[in-house]
1. Does any residue of segment 239-252 turn out to be surrounded by fewer than 23 Cβ atoms within 10 Å (Cβ to Cβ), closer than 22 Å to GLU109 by Cα and out of contact with any helix residue (DSSP H, G or I) (no Cβ under 7 Å at 6 or more places or on another chain)?
2. Within segment 84-105, work out how many residues are modelled with pLDDT under 95 and buried (at least 23 other Cβ atoms within 10 Å of the Cβ).
3. Would you check which residues across segment 197-219 are under 22 Å from GLY156 (Cα atoms) and surrounded by fewer than 18 Cβ atoms within 10 Å (Cβ to Cβ) and list them?
4. State which residue pairs qualify: first residue in the same structural domain as ARG199 (by TED's automatic domain parsing) and inside segment 96-110, second residue of a type in the set (S, T, N, Q) and surrounded by 22 or more Cβ atoms within 10 Å (Cβ to Cβ) in any location, beta carbons under 6 Å apart, and separation of 6 or more residues or different chains.
5. Count, please, the residues in segment 99-117 that happen to be under 18 Å from VAL163 (Cα atoms) and in a loop (DSSP other than H, G, I, E, B).
6. Quick check on GLU82: is it closer than 24 Å to ASP232 by Cα and assigned to a loop (DSSP other than H, G, I, E, B)?
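The values are calculated or read from the model by the stated rules, or taken from the named source; none is laboratory data. None of these values were measured; they are calculated from a predicted model. With ideal geometry, Cβ positions are generated from the backbone for all residues, glycine too; neighbour counts draw on all protein chains shown.
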Amino acid sequence: MIKTRKAINNRHEEIISLIKNKGFVTVEEMANLFNVTPQTIRRDINFLDSEGYVSRYHGGAGQSVSTENVAYRHRKELLLNEKKKIAKAVASMIEDNTSLFMNIGTTTEHVANELVHHKKKLRIITNNLNVAAIMSKQKDFEVMVTGGIVRSRDCGITGEAAVNFIRQFKVDIGIIGISGIDLDGTLLDFDFREVHVARTIIENSRKVYLVADHSKFGRNAMVKLGSITEIDTLITDMKPPKQLANIIEHNDINLKIV
């Protein structure tokens, strides 16, 4: 039997919109914004969580749990300016003659677009055909594409062939995107095959750069990739929630906010 969601009021709609935009919002932030008590916000969150609109966490709320990602064509349009700023910052951190892994994701594609204009000599290994097409426009780049199964929805390559290809290399920097970062630092994604490839990239990179806009903070996905403690630098557009920020600081992870 399909559950019918209960009606929501204007504040509930605004809370849902706010969380969709920011990924995670604290009770204190919402109480100040809506000029109500923290107790009122907690009741709102409990209701919205029970109806499946958001997910309740200690100290706030994030996007609702899902087993499927947003369609690729829609992800390309979400937080476009923020992704471009992140990409520009990453490109400025890449030195000449660097070897790179780059995985599947709209933000990594923006990084590719920025790197093309830097006219550096780079070696790139990727399981993202969109990244390969962008990077191959620069004649000074050496671009290698993994084998494997090509997904029609986003031109990403997954499977054991992709994993085995990546295992043959040890590169300077792995640049990875992610679907969600739990507030305890767990890195999450929606496709276990994609996670397997990203896991191999982490294991075979001397340094790992995680590119993630603020909507990924507190966002849930079903498949565990690893922990944020395994990365060297997080490049994002907004300060992470306090719980996650504490983990980043405690583990000496470089945090670059654009």
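1. No, because not a single residue in segment 239-252 is surrounded by fewer than 23 Cβ atoms within 10 Å (Cβ to Cβ), closer than 22 Å to GLU109 by Cα and out of contact with any helix residue (DSSP H, G or I) (no Cβ under 7 Å at 6 or more places or on another chain).
2. 2
3. The answer is GLU203, ASN204.
4. Matching pairs, first to second residue: PHE101/SER205; MET102/THR108; MET102/THR126; ILE104/ASN128.
5. Count: 3.
6. For GLU82, the condition - closer than 24 Å to ASP232 by Cα and assigned to a loop (DSSP other than H, G, I, E, B) - is not met.
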